[in-house]
Amino acid sequence: MIGIGYIIFIIAILSALARKAGLFTILVGLASVVLAGAYAKVLWLGGSGVWSLELPGLMGSADIVLDPLSALLGVIFAVGFPIGMIYGYYYLKEHPQLGVASHLFFLALMMISMHSILIIRNSLLFMVGWELMSLSSFFAILYDRDSQETVSSAIYYLIMMHIGAAFLLLGFGLIYRQSGNFNYSGIEFQGAAKWLLLIGFAFKAGFFPFYSWLPKAHPVAPSHLSGMMSGLMIKTGVFGIVYVLANSSWTMVEVLVLTGVSLITAFNGIIHALAESHLKRSLAWSSIENIGIIGIGLSFWQLGLISSNSTMAALGFSGAMLHLINHSLFKPMLFYLSGNVLLATHSLDLNTLGGLDKRMPRTAALFFLGTMAISAMPVMNGFISEFAIFLSVLSGFNASDIGSTITGIVVGAIFAFVSALALIAFSKAYSVAFSGSTRSSSADHASERRTGLLISPILLACLCLGLGIFGRAGLYLVYPLTGLAGIDPNAILSLGHTLDQLSVILLIFITFATVVYLLKRRLGKVSKGPAWGCGYHRPDAKMQYTGTAFIDPLAYFLKPLMHKSSDKSVLTGYFPQELSYEEEVHDYLDSGIFAWLTKGLRWILDLFDRIHNGKINSYITYLLGALIILLIWVLGVSK
Amino acid sequence: MGLIAKTKAIWAGRKGPSLLQPWYNVAKLLRKSEVHSHTAGFIFRVAPSLALAATLMAAMLVPFGASSAVFSFRGDFLIFMYLLALSKGIMVLAAMEVGSSFEGMGASREISFTAFLEPAFFLTIGSMVYAGGFESMGDLFLRHTVVLSNHWSVIIAVMTSIALFIMLLVEGARVPFDDPATHLELTMIHEVMVLDTSGVNLAMVHYGAALKMQIFASLISYFLIPEGHSPLAITAIYLLVTTTLAILVGWVESLMPRYRMNRNLELVVIPLSVSLLALAALIVRNLGGI
């Protein structure tokens, strides 16, 4: 069945080369349905598929294993890809460029490689799939290759991915030395190998301090691709991390390190999302935050396993997995909607938008739902997973275990802070982009584009709402993973029970709100008037609160953590004509550690530069010198 | 609410409005028609209803005396916390929708508070979970008993009450964090957010704000009520504590000026640190005391 899925994907490549975007989309959908069937069989009918693939030459045979973890990720991909391609189809129509064929070709390669790395358990083949994924997504980003920013960001992405791949390669090499076999299914990872693999996967997932490629690569990719990358592709990194965690044993200190890293990831991600005034970049930062939250859930899973607190382990794991599912739904939705904004206004800078809810009401309403989901407000799905992770943190609060209590206090407080900041960050993004009056003429002339552009966001919004109200539905996907994660199925069942009660409350809440609203509609008459200006009669769009002003009270607080630089021209003369103020928030990783590292590397390479002077006679001298040294060495050794 | 105004007036040497004045206000507003701003969109129309519904739902989760709340299950305090955040978040979005700079200001200040209140509430609940086990909010508050002879128990009770009381002041938008009665828009937080809200919507906003204060007052009083009393005694204590709290709020308002706006956030951290202290005290008690 899986084979059929891949064959349809390969036919899709052919249609891509023929520039048939519509046919391509249909074929991707078909392939996904077939693959989803195969995954669903593993998830719900039990059992896992194990195959062996003969490789040419000395490489031996490769293990292909379809276990519940792969199946869960596979289902996420099988849902995400067709929805993304429906959006992509209309987006490409609206935003035509040269090279649609190659773009679709690389998209298909990306999808195939992402599906395949889930089931490959052979390090050689895995690295091939992993590289294919990085390269094809790199080329797919280059759709808008005319812009300098796109090219430089894409190259940055490529380099980061290869540093990550180098770590993976080292890790797999160590495992090969231990086991003498390229197949690693059923092998317990030990020592340095598990750390190297973890770091390699952390590059893809976007954990601290390896996340700096996300806010560069996601904004420049075409919107359907940024949605798929942020919602789906970084999940392959999480998949790897879960796989490594499940197949190795950890000590308390090591898990605390992981917890700390996840906390820093979540915190850093959200304060940058808060400060960012570019819509897509802010979304990319928030992906980092969400990855951090998933990391918190995963570390509490391990923590629970170590301290034999089965409730904590089960809640942490299922919270992380639920958040994985939920993030793969609401993040692409927000990216697709920001794509709509980009098509309508040609700008994603929040300070040039505003007032879009009157001009693009459907996009605005959907974005509002996405905002609610991403800031974990009840009724939407983000809440369910954060709820589970919070419960996991709280279940560590007990008198007998002081270690997990203190961890719980620190993590719980910071996590609550982060989730409140997420609410602030996204209420800022929504209100500056969609509320109030317009801040530029391009936003003034904005209008809703093709209705096709709304299909995918609507589908995703329905899924978000459904999973948000009936939180138990998501657990059916997580439940088959209990054996693999070594957790107690009963704890998940009791979580399901809690979620049932939650859905009752949420349903009552919705009816309640509707009744109140309808009653209110009957009660009062409504007339229109200008907003209260405190006696000032000519309110202006420039007088509105901007994003920067909105977060100012917090920015004051978080100053030491935000690396800000500003540039302003001072007023001069009696009749000042010009006044400018620019402010930028930098990531201290990017402009600090990485800049420093590159400088060091450059310096070392510069040393070689001097040797490289271009004169043939000096090269001959080098050769001669090298020969003499070799001669001395060989003679010395042979004696 | 009425009691607060009364206390304030008496303290200032006036006679003060009737105790039922807030109800009169709400009744009056219900009869008025609404004026919407030109810039207002769909969120502005639905926000007050949603916020009120969220607050009411949160109120249903509050335990009532010896019997548990209308809804109660393991971990219900989290949905309580998030429902309050939802009601706040949606009002902030509605305020930003108008696009007036005053409302933006209020919205920005109001939502910045959540950033520190959420961890504080989480830790307060956490300290109760630590003491009483992983249960529903009702059980946690019910099980907590103050033993006057044990000084640790008293310290913890006092600290938790202080944390909850400051949360009440912030959530209810009272002095010293916010002044609902000033005459300048620049100096308000909650009130300035709802500048353009009128008629029925405004009535809902006022009722919601009062309800929020009532919720926190109830939490404090149930926290202090010991387990195993007759319903009559519990009702009596409840009324006593809430009345005391209302008078206390009025008293604080009369004696303290509002804090400077830019210092406000630093002060909102107080409940966070107090609840941390309470947790620390609990841990120390469990380890056998100093």
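The values are calculated or read from the model by the stated rules, or taken from the named source; none is laboratory data. Please read all numbers here as calculations on a predicted model, not as lab measurements. Cβ sites come from the backbone with ideal geometry, for glycine too, and all protein chains shown count toward neighbours.
Worth pointing out:
- Residue A:384 being within 12 Å of chain B (Cβ to nearest Cβ) and in contact (Cβ under 8 Å) with a residue 60 or more places away in the chain: yes
- Scanning the range A:424-439 for residues that are in a helix (DSSP H, G or I) and not aliphatic (A, V, I, L, M) returns A:426, A:427, A:428, A:430, A:431, A:434.
- Qualifying residue in the range B:62-72 (condition: modelled with pLDDT of 70 or more and within 10 Å of chain A (Cβ to nearest Cβ)): no
- One residue from A:52, A:32 being farther than 21 Å from residue A:485 by Cβ and touching an Asp or Glu at 6+ places or on another chain (Cβ under 8 Å): A:52
- Selection within the range A:387-407 - at the interface with another protein chain (Cβ under 7 Å from one of its Cβ atoms), crowded, with 24+ Cβ neighbours inside 10 Å and not aromatic (Phe, Trp, Tyr): A:394, A:395
- Given (1) outside any loop (DSSP other than H, G, I, E, B); (2) facing chain B (nearest Cβ under 8 Å); (3) surrounded by fewer than 24 Cβ atoms within 10 Å (Cβ to Cβ); (4) not β-branched (Val, Ile, Thr), number of the condition residue A:442 does not satisfy: (2)
- Test: residue in the range A:413-423 that is farther than 24 Å from residue A:496 by Cβ, more than 7 Å from chain B (Cβ to nearest Cβ) and outside any helix (DSSP H, G or I): no
- Selected residue (only one of A:392, A:404 is touching a Gly at 6+ places or on another chain (Cβ under 8 Å), modelled with pLDDT under 85, part of a helix (DSSP H, G or I) and among the polar types (S, T, N, Q)): A:404
- Among the residues making up the range A:212-262, those that are outside any helix (DSSP H, G or I) and of a type outside the set (A, V, I, L, M, F, W, C) are A:212, A:222, A:247, A:248, A:249, A:251.
- Segments classed as helices (runs of 4 or more DSSP H), wholly inside the range A:293-385, with at least 3 members that are within 21 Å of the chain's Cα centre (by Cα) and either of a type in the set (D, E, K, R) or at pLDDT 85 or above (or both): A:310-345, A:361-374
- With respect to (1) farther than 27 Å from residue A:333 by Cα; (2) at pLDDT 75 or above; (3) among the β-branched types (Val, Ile, Thr), the lone exception for residue A:2 is condition (2).
- When the range B:104-123 is filtered for residues that are more than 8 Å from chain A (Cβ to nearest Cβ) and modelled with pLDDT under 80, the ones remaining, listed by number, are B:106, B:110, B:113.
- Failed condition for residue A:48, given (1) at pLDDT below 80; (2) small (Gly, Ala, Ser); (3) buried (at least 21 other Cβ atoms within 10 Å of the Cβ): (3)
- Test for residue A:537: is it modelled with pLDDT under 65 and either out of contact with any helix residue (DSSP H, G or I) (no Cβ under 6 Å at 6 or more places or on another chain) or assigned to a helix (DSSP H, G or I) (or both): yes
- Among the residues of the range A:318-364, just one is among the aliphatic types (A, V, I, L, M) and out of contact with any helix residue (DSSP H, G or I) (no Cβ under 7 Å at 6 or more places or on another chain), namely A:344.
- Wholly enclosed helices (runs of 4 or more DSSP H) of the range A:89-207 bearing at least 1 residues of a type in the set (D, E, K, R) and within 30 Å of residue A:61 (Cβ to Cβ): A:123-141, A:148-179, A:191-205
- Qualifying residue in the range A:479-489 (condition: surrounded by fewer than 18 Cβ atoms within 10 Å (Cβ to Cβ), more than 24 Å from the chain's Cα centre (by Cα) and within 15 Å of residue A:391 (Cβ to Cβ)): yes
- Evaluating residue B:207 against the criteria (1) at pLDDT below 70; (2) within 14 Å of chain A (Cβ to nearest Cβ); (3) surrounded by fewer than 24 Cβ atoms within 10 Å (Cβ to Cβ) leaves one unmet condition, (1).
- In the range A:68-87, the condition of being outside any helix (DSSP H, G or I) and either in contact with a Pro (Cβ under 8 Å, 6 or more places away or on another chain) or surrounded by fewer than 24 Cβ atoms within 10 Å (Cβ to Cβ) (or both) is met by no residue.
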